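> Supplied in structure tokens, the structure appears directly below.
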Amino acid sequence: MKKHNFSAGPCILPQEVLQKASEAIINFNDDNLSLIEISHRSKPFVTVIEKARRLVLELLSLENKGYKVLFLQGGASAQFLMTAYNLLNKKAAYLNTGTWSSKAIKEAKLFGEVVEVASSSNNNFNYIPKNYTIPTDIDYFHCTSNNTIYGTQMKSFPKTTAPLVCDMSSDIFSRQLDFSKFDLIYAGAQKNMGPAGTTLVVVKETILGKVTRKIPSMLNYQTFIDKESMFNTPPVFAIYTSMLTLEWLKNLGGIEFIEKVNKQKSALLYAEIDRNPLFKGTATKEDRSHMNATFELTNQALKQQFDTLWKQANINGLEGHRSVGGYRASMYNALPLYSVQALVDVMQELERIN
Ligand SMILES: *Cc1c(COP(=O)(O)O)cnc(C)c1O
């Protein structure tokens with residue numbers, strides 16, 4: 001039986017997507033060739049990448065609004081520098097909500113002045129700072145919508161006249177937002193869209209071309225816009241599997257549908273964390289993530305017992321990030337509600353036997 005997979009990333013993908021992706025490895029499109037041995041410029045693959053682009057815009061309701069969809073490599077981590085390389089002339093503002101934001105800030109500092117408008121580092125990033133002021137003389141404002149490691153999520157986004165740039169790696173396609181408020185969204189595929197190997201970038205073309213520096217071709221968004229993500233060989237398998245996942249999501253009813261399921265899942269788990277005296281949540285309640293729930297045992301002596309129980313229950317990937325410890329249940333789009341129920345059952349079993 002497939003495990004209940006709470007892995008934070010790479011993460012669970014829909015079973016039917018895995019099935020189709022594995023078939024395409026052997027025989028793609030009934031052409032007696034593998035997806036990964038045909039030219040990326042051949043008609044069958046061009047059809048795939050075009051469909052993936054369309055699905056992204058459709059699911060995010062960004063059609064005909066001047067956005068370009070790119071499938072790049074180097075992970076979200078390469079976007080930490082690429083955003084700054086392409087957008088930062090003099091000064092940018094960043095909200096620091098965790099490890100990923102901090103890494104983005106570090107890279108941006110190589111290219112210009114970085115104002116950290118607020119940081120939740122004083123409390124191990126267990127909340128989202130609010131009521132900060134964003135300077136007006138900036139090239140862009142950058143934030144991280146969901147903090148995968150700490151289990152916090154931005155429920156609203158600040159108003160700014162500067163372009164809004166957001167790392168949505170771990171919650172893109174999970175909830176409805178007015179995506180047209182963002183000028184550049186990036187996301188490593190392996191959290192909620194597909195396998196590792198490609199990074200989604202959705203960018204409003206009008207914000208580009210404003211920096212004075214020269215940008216190497218491979219790090220220039222315009223290169224990939226002009227060449228439709230085919231300046232060099234794109235990660236064909238990651239793009240194909242992402243396309244399948246987007247298609248799966250669309251057929252389910254899109255973001256509107258999956259958001260309801262995601263809220264059901266997180267509500268079920270947080271209710272148990274709050275009810276069960278053996279557990280406590282680590283993120284501030286109002287900022288809790290619907291994707292990654294972080295929690296701890298109130299009595300560390302029960303660790304071995306709990307770990308044995310959840311492993312016996314066919315659960316995978318519940319360990320907290322190595323930098324924070326504790327537990328983290330990642331409930332991405334493809335995780336079924338019954339997997340969360342299986343975890344809740346284990347938590348109740350621990351209470352019962354103690
Ligand atoms: C995982 C993650 C990253 C890093 O992604 P890579 O693709 O491994 O570079 C960046 N930001 C967030 C929010 C993440 O969850």
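The values are calculated or read from the model by the stated rules, or taken from the named source; none is laboratory data. Please read all numbers here as calculations on a predicted model, not as lab measurements. Every residue, glycine as well, gets a Cβ built from its backbone with ideal geometry; the counts of neighbours run over all protein chains shown. Remember, those area values only see protein heavy atoms, side chains included, never the ligands or the DNA or RNA. Shrake-Rupley method; radii C 1.70, N 1.55, O 1.52, S 1.80 Å.
> Which count do you get for residues in region 279-328 that are more than 27 Å from T97 (Cβ to Cβ) and crowded, with 22+ Cβ neighbours inside 10 Å?
1
> For region 93-145, which positions are within 16 Å of F157 (Cβ to Cβ) and among the basic types (K, R)?
K130
> For V165, work out the one condition from (1) assigned to a loop (DSSP other than H, G, I, E, B); (2) more than 10 Å from the ligand (Cβ to nearest atom); (3) in contact with a helix residue (DSSP H, G or I) (Cβ under 6 Å, 6 or more places away or on another chain) it doesn't fulfil.
V165 satisfies all of (1) assigned to a loop (DSSP other than H, G, I, E, B); (2) more than 10 Å from the ligand (Cβ to nearest atom); (3) in contact with a helix residue (DSSP H, G or I) (Cβ under 6 Å, 6 or more places away or on another chain) except (1).
> Within the group K20, K51, K3, which residue is within 30 Å of V346 (Cβ to Cβ), more than 16 Å from the ligand (Cβ to nearest atom), at pLDDT 95 or above and of a type in the set (K, R)?
K3
Conditions (1) in a helix (DSSP H, G or I); (2) within 17 Å of the chain's Cα centre (by Cα); (3) among the hydrophobic types (A, V, I, L, M, F, W, C); (4) at pLDDT below 95, marked per residue:
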site	(1), (2), (3), (4)
F71	no, yes, yes, no
Q79	yes, yes, no, no
A84	yes, no, yes, no
Y94	no, no, no, no
V115	no, no, yes, no
Y132	no, no, no, no
K159	no, no, no, yes
S169	no, yes, no, no
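> Checking D183 against (1) touching a helix residue (DSSP H, G or I) at 6+ places or on another chain (Cβ under 6 Å); (2) open to solvent by 10 Å² or more (accessible area, probe 1.4 Å); (3) within 16 Å of the ligand (Cβ to nearest atom): exactly one of these is not met. Which one?
(3)
Rundown of residues vs (1) within 26 Å of S156 (Cβ to Cβ); (2) of a type in the set (A, V, I, L, M); (3) assigned to a loop (DSSP other than H, G, I, E, B), yes/no style:
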position	(1), (2), (3)
A293	yes, yes, no
K303	no, no, no
W310	no, no, no
G325	no, no, yes
R328	yes, no, no
V346	no, yes, no
L350	no, yes, no
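> OK, next. Could you tell me how many of the residues in region 189-232 are open to solvent by less than 30 Å² (accessible area, probe 1.4 Å), in contact with a Leu (Cβ under 9 Å, 6 or more places away or on another chain) and more than 12 Å from L72 (Cα to Cα)?
Adding up the residues that qualify gives 7.
> Let me ask something else about it. If a residue counts only when it is touching a His at 6+ places or on another chain (Cβ under 7 Å), which helices (runs of 4 or more DSSP H) contained entirely in region 176-289 have at least 3 such residues?
Where helices (runs of 4 or more DSSP H) fall fully within region 176-289 and carry at least 3 residues being touching a His at 6+ places or on another chain (Cβ under 7 Å), they are 254-275.
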